[in-house]
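Worksheet for the structure shown next.
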Amino acid sequence: MDTTQSVVERSAIRKVAIRLVPFVALMFFINYLDRTAISFAGPNGMNTDLALSAAQFGFASGVFFIGYILLEVPSNLALHKFGARRWLARIMVSWGIVSLLFTWVGNVEQLYILRFILGVAEAGFFPGAILFLSLWVPARHRSKILALFYLAQPLTTVIGAPLAGLLIQQHGLFGLAGWRVMFFGVAVPAIIIGVIAWFYLADSPAKAKWLTAEEKTWLTGALEKEKKETAASNKHVSVRTVFGNGRVWMLAAIYFGFIYGLYALGFFLPTIIAGFEGIYGAKFDVLQKGLITAIPYLPAAIALYFWSKDATKRGVKTWHIAVPALVGGLSIPLALFAGSPAATIAVITITAMAIFAALPNFWTVPTQFLTGAAAAAGIALINTVGNLAGFSAGYITGWLKDLTGNYTVPMFVVGGFMLLSCVLMVALSRSGKVSEGIAAEALDPTGAGHHSEP
């Protein structure tokens, strides 16, 4: 690479990282906060006001994913057809309006219906955001860009949990219970940012007014070259064959384990913390519970950044995904035997660090052998299977807790699914599937095993 091209490349990637990633990450921040707001509302008045059992709360948490799953693939194909700018903005405004309606939910049936419709409204956002960012940078820079984007998810809880606590403390505002104020407060930003996204985002580097002519030429050329090379080496992978592609389904199963762990923690951690009073005699107010909920996610954000930085430097290896799955699978059941609130949170922190370290590196793999509409369908399919875990984690965790009276069995189930992800990731790298595409080229996006950051 000559010096001039290197300067243009660095400048182009830096502009994408500064101009697009923070805004799409903000959209993701609001998205994740809206879908998990129920976890803060439940133990802070909603479960009592609506007379919910643990199983009903778990079903309400998980039924979101049924609506999400039904429209996930069609939504991502629509994004590919109509453009990310319009489609992501449309999704965001839609889910913001539905989120707002939770302010006035009156019974468990209405809660189920709204959670289902929220899933329908949000369908396609996350895989669409992944696809959108992947279309802006070549593979060798993708791990870094996706890691910066993924930082929004743990930071949602770092910032969102105390924010939810503050909103819940505004009990009586507008004549509403605190948990209803919280739903109102997290819904309005989605509508506002969705409208802004329509005007702010650009569908491709060629349409970005904030890039120079040289930067547009380099980005467009690099992406087009990569697209042709990927398409030429994977001619058999089309939208139709994606659904019968073994690599896609193996990745979907691996992602299932990670998402099961992510949402089991996300939906029930506030409830587990609320239970510290009965188990250990520790008493916390709503804001303190929110701050405690946030504790595991700040180290998780730091682990995500540095683990992905190493993956960017070395090229994504099998162990960048498998080792975190192993650590998470072993650590989460240990939280049950920690013996104190501080020790419990410390072990859960290790689990959160493991999950978030793996996820951005995992998402660099599908786009190594899928392009165009096939990439849209494949990423959506993987995310759809993952969201089956979102439903399963909420419902099964609540059902097993009601059945056994505690969270021991549910947390062992979480650990088991994460260990399965580890085993499958190693099996994928060692099996014949590797020779079909997910070999060094797919698990090492550089094709060379090492490169420096831009």
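Table for the structure above
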quantity: Checklist (1) under 29 Å from Leu155 (Cα atoms); (2) at pLDDT below 90 applied to Phe369, failing item; calculated: (1)
quantity: Any hit, region 320-343, residues being of a type in the set (A, V, I, L, M), closer than 17 Å to Pro154 by Cβ, open to solvent by 10 Å² or more (accessible area, probe 1.4 Å) and at pLDDT 85 or above; calculated: yes
quantity: Filter result for Asn44 (touching a residue at least 24 places away in the same chain (Cβ under 8 Å), closer than 13 Å to Thr271 by Cβ and touching a helix residue (DSSP H, G or I) at 6+ places or on another chain (Cβ under 9 Å)); calculated: yes
quantity: Which listed residue, of Phe306, Phe276, is open to solvent by less than 10 Å² (accessible area, probe 1.4 Å) and aromatic (Phe, Trp, Tyr); calculated: Phe276
quantity: Qualifying residue in region 173-186 (condition: within 30 Å of Leu269 (Cα to Cα), open to solvent by 30 Å² or more (accessible area, probe 1.4 Å) and touching a residue at least 24 places away in the same chain (Cβ under 8 Å)); calculated: yes
quantity: Of the criteria (1) of a type outside the set (Lys, Arg); (2) under 20 Å from Gly266 (Cβ atoms); (3) more than 20 Å from the chain's Cα centre (by Cα), which one Gly83 fails; calculated: (2)
quantity: Any chance Val414 is surrounded by 20 or more Cβ atoms within 10 Å (Cβ to Cβ) and under 27 Å from Lys289 (Cβ atoms); calculated: yes
quantity: Count of residues meeting criterion [open to solvent by 40 Å² or more (accessible area, probe 1.4 Å) and small (Gly, Ala, Ser)] in region 205-220; calculated: 2
quantity: Yes/no for Thr397 being crowded, with 23+ Cβ neighbours inside 10 Å, β-branched (Val, Ile, Thr) and under 22 Å from Pro299 (Cα atoms); calculated: no
quantity: Residues of region 79-109 that turn out to be touching a Leu at 6+ places or on another chain (Cβ under 9 Å) and at pLDDT 85 or above, as a count; calculated: 17
quantity: Cβ pairs under 7 Å, 6+ apart, first in region 205-222 and assigned to a helix (DSSP H, G or I), second of a type in the set (Lys, Arg); calculated: Pro205/Lys216; Ala206/Lys216; Glu215/Lys15
quantity: Number of the condition not met by Val347 [criteria: (1) open to solvent by 10 Å² or more (accessible area, probe 1.4 Å); (2) in contact with a His (Cβ under 9 Å, 6 or more places away or on another chain)]; calculated: (2)
quantity: Failed criterion for Gly315 (all others in (1) under 22 Å from Phe40 (Cβ atoms); (2) in contact with a Lys or Arg (Cβ under 9 Å, 6 or more places away or on another chain) hold); calculated: (1)
quantity: Condition met for Ile18 (hydrophobic (A, V, I, L, M, F, W, C) and surrounded by fewer than 19 Cβ atoms within 10 Å (Cβ to Cβ)); calculated: yes
quantity: Helices (runs of 4 or more DSSP H) wholly inside region 270-367 containing at least 2 residues that are under 22 Å from Tyr150 (Cα atoms); calculated: 286-294, 297-314, 318-334, 341-362
quantity: Sole residue being open to solvent by less than 30 Å² (accessible area, probe 1.4 Å), out of contact with any Cys (no Cβ under 7 Å at 6 or more places or on another chain), in a loop (DSSP other than H, G, I, E, B) and under 22 Å from Leu79 (Cα atoms), chosen from Ala197, Ala202; calculated: Ala202
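The values are calculated or read from the model by the stated rules, or taken from the named source; none is laboratory data. Note that this is a predicted model, so its numbers are computed, not measured. Neighbour counts run over all protein chains shown; Cβ positions are idealised from the backbone, glycine included. With ligands, DNA and RNA removed, areas are computed over all heavy atoms of the protein, side chains included. Shrake-Rupley method; radii C 1.70, N 1.55, O 1.52, S 1.80 Å.
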